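Notes follow once the structure below has been shown.
Since every read-out is calculated from the coordinates, none of them should be taken as a lab result. Remember, it's a predicted structure, so these values are computed and weren't measured experimentally. Here the Cβ is made from the backbone with ideal geometry for all residues, glycine too, and neighbour counts use every protein chain on show.
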Number of protein chains: 2
Amino acid sequence: MNRRVAVELSKAYRLMNHGPTVIVTSHHGGRSNIMSAAWSMPLDFDPPKVAVVIDKSTFSRGLIEASGEFVLNIPSRELARLTLDVGSASGSEVDKFAAYGIASAAGAVVKAPLVEGCLGWLECRLIPEPHIQQAYDLFLGEVVAAWADPEVFDGAHWKVEAGGKRSIHYVAGGHFFEIGAPFNAGDAGSGE
Amino acid sequence: MNRRVAVELSKAYRLMNHGPTVIVTSHHGGRSNIMSAAWSMPLDFDPPKVAVVIDKSTFSRGLIEASGEFVLNIPSRELARLTLDVGSASGSEVDKFAAYGIASAAGAVVKAPLVEGCLGWLECRLIPEPHIQQAYDLFLGEVVAAWADPEVFDGAHWKVEAGGKRSIHYVAGGHFFEIGAPFNAGDAGSGE
């Protein structure tokens, strides 16, 4: 497993505030699964909450509903192909961890796995909201632990450098953007 | 108003699939307002739906609840400072369109304005879900019209070029990322 540092919960939203595509992992009854999700966002700062869209057709959905847990993993560009692959195969037919040789470690608080090689990880407990889960495939979670690769996130701030690791941002049809240059648009402190 | 082309509704999700920070506009009872929102995402393909977090403290929230409409505007890097500014001032105290000299045009379907200089615009009708609006500040909308700047989006695909216009992705404290290079991680068609 690559190195990781704990991220203070009140700063966890910063791992996904800029809209990266995420990998969702889940675990229940001895089975783990992994899928990708372009549709996720922070929902609150402290305690941090997230929202993510999990389609009815996915094997992950059953594991998440049964366990009440999931992890949002933030892949680097090196994992873009894997992000596509786990978004097209279904865990009902294949153990994707074995099929794609995906290394992972157990979460600290939840049982869903943390995927090796990611930039950040948010361990989440499902906030049950059956109506919106059913009507919109919309799942809410409270972040109960968060981690980051210290090479790109120091626990509170991103450190994206030229030639360094990057988050990826899915469009459609296999096409992504990588995140680009950081910049400061105003006085420190405004707009937070 | 800068040039814009209609985006087919089934492709509208692509304007925000990569996680840009958006500007939310609203209009009711002769008042328009404008705020920024880092927390938004697509919620469905066709008919397209979106989710966005609108805090209880915002003046926009009252306008959106009363009118049942809003627009998600996707700002370019040139609008980063404005995106910060409209995220810190409140429309209850000042007409931000006048105060910041913001040019805009009426929406085609909804009354909320389209902000000049953006890369894309999604006109939305609120899908009322009072429980999650109240409990999580979470607002859902159906996209009823969508537009893009033809310089960056041809109606179905992004065309981000070196030195060209870029979407912006907010982190915290005035710090953004601009979107970076596009790349294709797999065979065309996979992962869509």
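Averaged over peptide A:10-18, how many Cβ atoms belonging to another chain are found within 10 Å of each residue's Cβ?
4
Sorted from fewest to most neighbouring beta carbons within 10 Å, what does the list B:Tyr100, B:Tyr13 look like?
By the 10 Å Cβ count, ascending: B:Tyr100, B:Tyr13.
In deg cm²/dmol, rounded to 500, what helix-only [θ] at 222 nm does chain B give when every DSSP H run of at least 4 residues adds -39500 (n - 2.57) and the total is split over its residues?
-4000 deg cm²/dmol
All other residues with a Cβ under 11 Å from the Cβ of B:Pro47 taken together, and with Lys, Arg as +1 and Asp, Glu as -1, what is their net charge?
-1
Taking 8 Å as the Cα distance limit and 6 or more residues as the minimum spacing, I'd like the relative contact order of chain A as a percentage.
Relative CO of chain A lands at 27 percent.
Counting other beta carbons within 10 Å of each residue's own, what order do B:Val5, A:Val144, B:Val71 fall into, fewest first?
Fewest-to-most Cβ neighbours within 10 Å comes out as B:Val5, A:Val144, B:Val71.
Take the cross-link list A:Lys49/B:Lys49; B:Lys56/B:Lys96; A:Lys96/B:Lys11 and give me the ones stretching past 23 Å between alpha-carbons.
Flagged as over cut-off: A:Lys96/B:Lys11.
What gaps in nm, shortest first, separate A:Pro47 from its twins in the other copies when you place the label 7 Å past Cα toward the beta carbon?
From this label point to the equivalent ones elsewhere in the assembly: 3.6 nm.
Assigning unit charges at the beta carbon (Lys, Arg +1; Asp, Glu -1) and nothing else, what dipole magnitude in debye, to the nearest 20, does chain A show about its Cα centre?
Around 320 debye, computed over chain A.
By Cβ position, which chain B residue lies least far from the axis that rotates chain B onto chain A, and what is the distance to the nearest whole angstrom?
Reported as residue, whole Å: B:Gly19, 1.
Scale the Cα Rg of the stretch B:97-192 by the rule-of-thumb value 2.2 N^0.38 Å and send over the ratio, two decimals.
1.35
Measuring label to label, 7 Å along Cα→Cβ, what does A:His157 give against each other copy in nm, shortest first?
3.9
Distances from B:Ser92 to the same residue in each other copy, label points 7 Å out along Cα→Cβ, in nm, shortest first?
Sorted ascending, the copy-to-copy spacings read 4.9 nm.
Once the protein assembly as shown is represented by equal point scatterers at the alpha-carbon sites, with solvent omitted, what log10 I(q)/I(0) does the Debye formula produce at q = 0.10, 0.11 Å⁻¹?
Here the Debye-derived log intensity ratios amount to -0.58, -0.71.
Can you give me the pair-distance distribution of the stretch B:1-123, C-alpha pairs, 5 Å bins, whole percents?
2, 11, 23, 27, 22, 11, 3, 0
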